[in-house]
1. Quick one: which helices (runs of 4 or more DSSP H) lie wholly within region 19-118 and hold at least 3 residues that are over 20 Å from residue 143 (Cβ atoms) and modelled with pLDDT of 85 or more?
2. Are any of the residues in region 137-153 outside any helix (DSSP H, G or I) and surrounded by fewer than 15 Cβ atoms within 10 Å (Cβ to Cβ)?
3. Within region 37-54, is even one residue in contact (Cβ under 8 Å) with a residue 12 or more places away in the chain and more than 20 Å from the chain's Cα centre (by Cα)?
4. Take the residues in region 119-136 that are without any contact (Cβ under 8 Å) to a residue 60 or more places away in the chain and assigned to a helix (DSSP H, G or I); name whichever of them is surrounded by the fewest Cβ atoms within 10 Å (Cβ to Cβ).
5. Only residues that are loosely packed, with under 13 Cβ neighbours inside 10 Å and out of contact with any helix residue (DSSP H, G or I) (no Cβ under 7 Å at 6 or more places or on another chain): list them for region 56-82, please.
């Protein structure tokens, strides 16, 4: 019986309530809740922006000059000859802008859902039919790698938009954006490599 006493005491210690100061510090994680709610509002703004740009694209396809001018202004497309009809370059730039919005929206979802699950509170989505596949094994390290990968995708879209519209940019801007994209790529590789080094070896005794 005496051998069981330390075990019982340890279990009792684990279930004991936190002292006031540790409890306050642990409860401070809920201060992040307004931040995630703010990101949800930002997500809504992106949805409105996406729908407006999509509406302008459809209207321009049916010959609306006002919608076409709005699209040209939003994508920053300039040409010596006036554009009176929707052409392939404008369509491509608008579609890339829409894809950019979608990728940023995916990034927001990863930050909101993954960040809340990792740093604030469990969402108890186990067994839910719509549970994201990546959420089942998300942690701070996995979240950093996924965010870095998402940023690379967003940077790639911006770089492609710049190359398509290269006539409106100086060589300095093109080189700078390419260098920034390479820096993002190297940073993501460094984060993934560091996470791999810190990960425990398979079969290691924990």
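The values are calculated or read from the model by the stated rules, or taken from the named source; none is laboratory data. The shown structure was predicted, so the numbers you read here are calculated from the model rather than taken from an experiment. Reconstructed Cβ throughout: ideal geometry from the backbone, glycine too, with neighbour counts over all protein chains shown.
1. Values: elements: 20-27, 33-61, 65-75, 88-109.
Because the criterion is at least 3 residues that are over 20 Å from residue 143 (Cβ atoms) and modelled with pLDDT of 85 or more, the helices (runs of 4 or more DSSP H) in region 19-118 that meet it are 33-61, 65-75, 88-109.
2. We begin by selecting, within region 137-153, every residue outside any helix (DSSP H, G or I); these are 138-139.
Among the residues that remain, those that are also surrounded by fewer than 15 Cβ atoms within 10 Å (Cβ to Cβ) are: 139.
Looking for residues that are outside any helix (DSSP H, G or I) and surrounded by fewer than 15 Cβ atoms within 10 Å (Cβ to Cβ), one finds at least one in region 137-153, hence yes.
3. Applying the first criterion (in contact (Cβ under 8 Å) with a residue 12 or more places away in the chain) to region 37-54 yields 39-40, 42-43, 46-47, 49-50, 53-54.
Those still in the list that are more than 20 Å from the chain's Cα centre (by Cα) too: 53-54.
Yes; the residues of region 37-54 include at least one that is in contact (Cβ under 8 Å) with a residue 12 or more places away in the chain and more than 20 Å from the chain's Cα centre (by Cα).
4. Initially, region 119-136 is screened for residues without any contact (Cβ under 8 Å) to a residue 60 or more places away in the chain, giving 122-136.
Filter once more, so that each one left must be assigned to a helix (DSSP H, G or I): 133-136.
Details: 133: 6, 134: 13, 135: 17, 136: 9.
The extreme case among them is 133.
5. The initial filter retains those residues of region 56-82 that are loosely packed, with under 13 Cβ neighbours inside 10 Å, namely 58, 62-63, 65-66, 73, 78, 80-82.
Result: 58, 62, 63, 65, 66, 73, 80, 81, 82.
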